Amino acid sequence: MDHVRTTCSLCEASCGAVMTVEDGKILKVVADREDALSGGFICAKGAAIPDLEADPDRVRTPLLRKDGELQPASWEEAYAFIDDKLSAILAEHGPQATSVYVGNAAAHNLNIITYFEDLAKALGTTNLFTAASLDQNPRQVVSGLLYGDEFALYVPDIDRSQLVWIMGANPAESNGSMMVAPGFLGRMQKMHERGGRSIVFDPRRTMTADRASEYIPITPSGDAAFLAGVAHTLLKLDPPKTTALLLVDDLEQIAAWLAPFKPHAVADACGIDADTIVRLATELRETEAAAVYGRIGTTTQLFSSLTCWLMDMVNILAGNLDAVGGSMFPKPLLAQPNTIGPSGVGEGFTVGKWTSRVSGAPEVISQIPMACMAEEMDTPGDGQIRALFCLAGNPVTASPDTKRMQAALDGLDLLVCLDIYQGETASKADVILPSPPRLARPNYDAYLYRFAVRSYGRYTQQYRPLEPHERSDRETLLRLMAIAQGHGWDADIDALEEAALAATVDVMTQVPQSAIEGRDTDEIMQMLRTLDPGERRMDFGLRIGPFGDSFGSRDGITLQTLKDSPQGVDCGALVPRLPESLRTRSGRIEAAHEIFAEELERLSAWLNAPRPQFTLIGRRQLRSNNSWFHNIEKLQHPTRECTAQINSGDADRLGIASGDLVRVSTPKAAIEVPAEVTDTMSPGVISIPHGWGHGKLEGKLNVAAANPGVNVNTIVDYGDVDPLTWNGRLNGMPVEVVKSNTG
Ligand SMILES: Nc1nc2c(c(=O)[nH]1)N[C@H]1C(S)=C(S)[C@@H](COP(=O)(O)OP(=O)(O)OC[C@H]3O[C@@H](n4cnc5c(=O)[nH]c(N)nc54)[C@H](O)[C@@H]3O)O[C@H]1N2
Ligand SMILES: Nc1nc2c(c(=O)[nH]1)N[C@H]1C(S)=C(S)[C@@H](COP(=O)(O)OP(=O)(O)OC[C@H]3O[C@@H](n4cnc5c(=O)[nH]c(N)nc54)[C@H](O)[C@@H]3O)O[C@H]1N2
Ligand code: SF4
Ligand SMILES: [Mo]
């Protein structure tokens, strides 16, 4: 029996865990008390890893559609099939007829996160879609514009804070997002014990709100109005002259834009009275270590980009951006653009480097927004998408306007899914290629550590070799790239990767102030060649990173350091990073973009606009992750049901009791969901979780199919996308609610 250190990696908390393994089976998973980041925290999902790995419904060999049915096939057969189909599509319609979608689970998979962009490049297509445009793109774009790098994403320095505002996030159930702070509630509790306070702003009194010092119900999409009122108040309070404030360009212009947003002018719209706004702003200004943090409820609503921008303004004006205990920029171990090259200046950031074919939507972080995916597939013409590679994602449940997405996917000539289950999307595939089991893959949460509240990394080596029917995701993706580039699936993928890595190394030797500026590419490649081909990129990233050994020119870490410390390598608490972390052209915080003035005008108009009868919002559930985990019996729980939570006063008025079916509709579509009457919902707001609707998965995901729930995205549509980013609006839809007469 072995005790194997790992990282849970099932959500963004990145908890250190220890697996008990016997005869190649995971028997038990417990928290790793020695993990410097998670300190012994683990949740029910982490503990259910043995069930997830043993799930009989998992896809373990490639499945290929033959005679209309997905049937087991060899990898060679699957690759040969893809090669035939893809080559024909490329020959007839060119690279723009191909596309890649990258789902949320890619963020938790080292190989997929490392190679997905290369797959799109190898295909030669600009049709790269990711779940980020259903999620955080407004946050990233605003960071890109202000700080010059879309990964300049601050996190609340919770372990040293005395006050944290949590807006549109429920870390008690999501376990935190764009913030790796495992065991968030415990960290929050410690803050309370040292005299600190937490405040939750949410239309629903969540589990986080129940544990916070104060809960403030806010109108859906009311955050921008509220924050504008706070920013207005802070401007009057003589903002502290911090480094961040002194770096802001055109502060006077911004103050002029915010002038109309007096607290009493925004109070009705956000549902928070003017005195409270002034009290909260004053407390934020007067608390030394305070942070404002926002998540899904702020980035997938009516004013997503504006809300993110106002959050930055509030953090800056209260003196909290880049301050210890405030909102701090992480410094991950792996190199990222704002830890490479000249310090404090860069190329800046733009959106719209190209536009989408059908709607002319802007390119956003080298992606086309998901709001355009279905139309790019179902609208005929030159460049119509005919092939999709879907990596660790499930757009059928994730994307608004489900029916159109389903039909668009059905119309493709080739759908290849890299997945571990036959979910709603993979069921439509021509080919499913499975990721290997957890014990047969290496892991490092490269993507997530970019949001960690400490500079931290924990690497898990592959525990056992691949079995004959298994392939690493690295191999799979490199073979797909080889096919796309016309080398054939059986090309020498190590040689292809080595050539690409050498090119990257070469570029880096020419980047001024990079860790290997002026060094010899061959010398660096020689050092990398001592490792397995699949480990070289990561070693390179670590060694040129802020804590790296710069390939021998200073003391620092390498991949070997991480291998030697399976309990994790902790490079310390966050440190102030301004102006060093900036990559704007001016070397300043470029905040006065005209788009925000336009958005403030749209907000002004909204302040007095009529309100809908009901507003629909979403919620996450502790024992699932978006559309998956519903197939794990052990994770079924009374709190994990697909219900429509509705305020008790509203329910009384409409004659609705818990368990009654309610009909929730828009002018275009309707769903029927069991009601859950509760005093946790604000009046006029209804909450339905996403990720459900497994009715057609019998024989594929049997546990999930037995308790299918309803796919809320059947009634959510892209309607009013965020003007700057075209991000989906998943929260804040006007809907009608009635008791169903079919129930
Ligand atoms: N209405 C509404 N819609 C939403 C949201 C909302 O709040 N409301 N949230 C949005 C957000 S934030 C997101 S991120 C998206 C999520 O959108 P998606 O990422 O498209 O959806 P998931 O359900 O997370 O799909 C993850 C897929 O990865 C697979 N998978 C899991 N582990 C692995 C692995 O190791 N390897 C491989 N190859 N596959 C794996 C799972 O089986 C599943 O099919 O949904 C969005 N949609
Ligand atoms: N257990 C579990 N963990 C998860 C996931 C999961 O499905 N299950 N999904 C993962 C993913 S993909 C993500 S992106 C993260 C998301 O992480 P979080 O954002 O923390 O998750 P949510 O529970 O969706 O919290 C969003 C909150 O916003 C509130 N809200 C809705 N509209 C508004 C609004 O207009 N204003 C304000 N202030 N609040 C609003 C909702 O009521 C909800 O409580 O979680 C990740 N972790
Ligand atoms: S909080 Fe997330 S990372 Fe931690 S054990 Fe649970 S699912 Fe895994
Ligand atoms: Mo997400």
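The values are calculated or read from the model by the stated rules, or taken from the named source; none is laboratory data. This is a predicted model, so every value here is computed, not measured. Glycine gets a Cβ as well: all are built from the backbone with ideal geometry, and neighbour counts include every protein chain shown. SASA here: full protein model, heavy atoms, side chains in, ligands and nucleic acids out. Shrake-Rupley method; radii C 1.70, N 1.55, O 1.52, S 1.80 Å.
Here are some notes:
- Residue match in the stretch 17-35 (condition: hydrophobic (A, V, I, L, M, F, W, C), within 16 Å of ligand 1 (Cβ to nearest atom) and part of a loop (DSSP other than H, G, I, E, B)): no
- Residue match in the stretch 190-201 (condition: within 20 Å of the chain's Cα centre (by Cα) and on the phi > 0 side of the Ramachandran plot): no
- Checking each residue in the stretch 648-665 for being open to solvent by 20 Å² or more (accessible area, probe 1.4 Å) and outside any loop (DSSP other than H, G, I, E, B) picks out Ser648, Gly649, Asp652, Arg653, Leu654, Leu661, Arg663, Ser665.
- Test for Ser133: is it farther than 26 Å from Cys390 by Cβ, crowded, with 22+ Cβ neighbours inside 10 Å and polar (S, T, N, Q): no
- Tallying residues that are part of a loop (DSSP other than H, G, I, E, B), more than 16 Å from ligand 4 (Cβ to nearest atom) and β-branched (Val, Ile, Thr) within the stretch 666-718 yields 5.
- Options Ala169, Ala105, Ala78; residue that is more than 30 Å from Pro217 (Cα to Cα), under 15 Å from the mean Cα position of the chain (by Cα) and within 16 Å of ligand 1 (Cβ to nearest atom): Ala105
- Breaking point among (1) more than 16 Å from ligand 4 (Cβ to nearest atom); (2) open to solvent by 10 Å² or more (accessible area, probe 1.4 Å), for Asn338: (2)
- The residue pairs whose first member lies in the stretch 4-21 and is free of Cβ contacts under 8 Å to residues at least 60 places away in the same chain, whose second member is near ligand 3 (Cβ under 6 Å from one of its atoms), and whose beta carbons are closer than 6 Å, counting only pairs six or more residues apart or on different chains, are Cys8/Cys15; Cys8/Gly46; Ala17/Cys8; Ala17/Ile42; Ala17/Gly46.
- Residues in the stretch 39-72 that are part of a helix (DSSP H, G or I) and either away from ligand 4 (no atom under 16 Å from the Cβ) or open to solvent by 40 Å² or more (accessible area, probe 1.4 Å) (or both): Ala44, Gly46, Ala47, Ile49, Pro50, Asp51, Leu52, Glu53, Ala54.
Yes/no per residue for (1) within 16 Å of ligand 2 (Cβ to nearest atom); (2) in the same structural domain as Leu697 (by TED's automatic domain parsing); (3) in contact (Cβ under 8 Å) with a residue 12 or more places away in the chain:
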{"position": "Pro638", "(1), (2), (3)": "yes, yes, no"}
{"position": "Cys642", "(1), (2), (3)": "yes, yes, yes"}
{"position": "Gly649", "(1), (2), (3)": "no, yes, yes"}
{"position": "Gly655", "(1), (2), (3)": "no, yes, yes"}
{"position": "Thr666", "(1), (2), (3)": "no, yes, yes"}
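- Helices (runs of 4 or more DSSP H) enclosed by the stretch 253-347 - at least 2 residues per element that are closer than 28 Å to Pro683 by Cβ and touching an Asp or Glu at 6+ places or on another chain (Cβ under 6 Å): 304-317
- Test: Ser174 is within 16 Å of ligand 4 (Cβ to nearest atom), open to solvent by 20 Å² or more (accessible area, probe 1.4 Å), touching a Lys or Arg at 6+ places or on another chain (Cβ under 9 Å) and not assigned by TED's automatic domain parsing to the domain that holds Leu391: yes
- Filtered residues of the stretch 395-450 (kept if charged (D, E, K, R) and within 20 Å of Glu12 (Cα to Cα)): Asp419, Arg438, Arg441, Asp445, Arg450
- In this entry, Ile516 is excluded by the filter for residues that are modelled with pLDDT of 95 or more, outside the structural domain of Pro62 (by TED's automatic domain parsing) and assigned to a helix (DSSP H, G or I).
- Subset of the stretch 537-568 (residues that are out of contact with any strand residue (DSSP E or B) (no Cβ under 7 Å at 6 or more places or on another chain), open to solvent by 30 Å² or more (accessible area, probe 1.4 Å) and either under 29 Å from Pro465 (Cα atoms) or part of a loop (DSSP other than H, G, I, E, B) (or both)): Arg537, Pro546, Ser553, Arg554, Asp555, Gln560, Lys563, Asp564
- Leading residue by the ranking (nearest to Glu34 (Cα to Cα)) among those in the stretch 569-578 that are in a loop (DSSP other than H, G, I, E, B) and open to solvent by 40 Å² or more (accessible area, probe 1.4 Å): Val575
- Residues in the stretch 107-116 that are within 16 Å of ligand 4 (Cβ to nearest atom) and β-branched (Val, Ile, Thr) were compared, and the one that is most open to solvent (accessible area, probe 1.4 Å) is Ile113.
- Subset of the stretch 693-743 (residues that are more than 21 Å from Ala224 (Cα to Cα), touching a Pro at 6+ places or on another chain (Cβ under 8 Å) and aliphatic (A, V, I, L, M)): Leu697, Val712, Val716, Val735
- Near pairs, Cβ below 6 angstrom, 6+ apart or cross-chain, from the stretch 258-277 (without any contact (Cβ under 8 Å) to a residue 24 or more places away in the chain) to any residue that is part of a helix (DSSP H, G or I) and of a type in the set (S, T, N, Q): none
- Whichever residue in the stretch 117-130 is surrounded by fewer than 23 Cβ atoms within 10 Å (Cβ to Cβ) and either outside any helix (DSSP H, G or I) or of a type in the set (S, T, N, Q) (or both) and, among such residues, is farthest from ligand 1 (Cβ to nearest atom): Gly124
Residue-by-condition table, conditions (1) more than 27 Å from Arg583 (Cα to Cα); (2) within 16 Å of ligand 3 (Cβ to nearest atom); (3) among the aromatic types (Phe, Trp, Tyr):
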site	(1), (2), (3)
Leu145	no, no, no
Arg187	yes, yes, no
Arg211	yes, yes, no
Glu214	yes, no, no
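- Candidate set: the stretch 73-106, residues that are assigned to a helix (DSSP H, G or I) and among the polar types (S, T, N, Q); chosen: the one surrounded by the most Cβ atoms within 10 Å (Cβ to Cβ): Asn104
- Screening the candidates Gly691, Gly695 for the property of being surrounded by fewer than 16 Cβ atoms within 10 Å (Cβ to Cβ), small (Gly, Ala, Ser) and within 29 Å of the chain's Cα centre (by Cα) yields one hit, Gly695.
- Whichever residue in the stretch 1-16 is of a type in the set (D, E, K, R) and not in a loop (DSSP other than H, G, I, E, B) and, among such residues, is nearest to the chain's Cα centre (by Cα): Arg5
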